[in-house]
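First the structure, in the form of structure tokens, and then the observations on it.
The values are calculated or read from the model by the stated rules, or taken from the named source; none is laboratory data. Remember, predicted model here, so these are calculated numbers, not experimental data. Positions of Cβ are generated from backbone atoms using ideal geometry, with glycine treated the same way; all protein chains shown enter the neighbour counts. Accessible surface is based on the protein model in full, side chains and every heavy atom, while ligands, DNA and RNA are left aside. Shrake-Rupley method; radii C 1.70, N 1.55, O 1.52, S 1.80 Å.
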Amino acid sequence: MSASRRAVLLGAVGLLGAGALAACSSDEAPEDSDGVDTSYVSGDGTATEWAPDQREDPVELAGQTMAGDAVDLADWRGAPVVLNFWYATCPPCRKEAPDLAALSTELEPEGVRFLGVNHTDEPATALAFERTFAMPYPTLHDADASGVAALQGLVPLQAMPSTVVLDAEGRVAARIIGLAESSTLKAMITTVLAES
């Protein structure tokens, strides 16, 4: 076989391999008939925690909720805050919503605050989602993706849902990329609560 033909063959094999890897990593949902988005890229549920001495500066994020109320994370300092990045037609966002609602209700007496962050939906769609899943906490209308920008390098814009736990100082203490498993998220929040 000539050198040029071997080079073409090896290039083709390389492209096939890259395509197979891309297909494996995209983790797209199967077709669904209930209007749920099937083009999202799902995270794999990877959970990461940072010790207090490894945490960066406090997250600065403010804006309006989907209901039109002002919200500023700086006002919530002094207790853990859970940020959940979601949009209404994302299948794992819908799957984790009841667990997030339950955790929010359970941990609210301990001072833990939850805030949804949605850069995809219009308020009417997001508010319908909140009613459907009886979400007891607000969602930031993140139309300009400032919420994702505030967590640049920690929350991939295309991997929804993503959940971040901030410590009492507003610093990122933990993160889950993908569906937040309830017991994992609760353990992360409990760890941060114990620091206070």
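Here are the numbers for the structure shown:
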read-out: Filter result (touching a Ser or Thr at 6+ places or on another chain (Cβ under 9 Å) and either over 23 Å from Glu181 (Cα atoms) or open to solvent by 60 Å² or more (accessible area, probe 1.4 Å) (or both)) within the range 48-90; value: Glu49, Leu61, Ala62, Gly63, Thr65, Met66, Ala67, Val71, Gly78
read-out: Qualifying residue in the range 138-153 (condition: touching a Lys or Arg at 6+ places or on another chain (Cβ under 9 Å), buried (at least 18 other Cβ atoms within 10 Å of the Cβ) and among the small types (Gly, Ala, Ser)); value: no
read-out: Residue under evaluation Ala124, criteria (1) open to solvent by 10 Å² or more (accessible area, probe 1.4 Å); (2) in contact (Cβ under 8 Å) with a residue 12 or more places away in the chain; (3) under 23 Å from Gln158 (Cα atoms), criterion not met; value: (2)
read-out: Residues satisfying the stated conditions in the range 100-120, i.e. in contact (Cβ under 8 Å) with a residue 60 or more places away in the chain and buried (at least 17 other Cβ atoms within 10 Å of the Cβ); value: Leu100, Leu103, Leu107, Val112
read-out: Strands (runs of 3 or more DSSP E) enclosed by the range 110-170 - at least 3 residues per element that are within 18 Å of Ala67 (Cβ to Cβ) and either of a type outside the set (D, E, K, R) or more than 15 Å from the chain's Cα centre (by Cα) (or both); value: 113-118, 139-141
read-out: Single condition Pro92 does not satisfy, out of (1) farther than 17 Å from Asp72 by Cβ; (2) in contact with a helix residue (DSSP H, G or I) (Cβ under 7 Å, 6 or more places away or on another chain); value: (2)
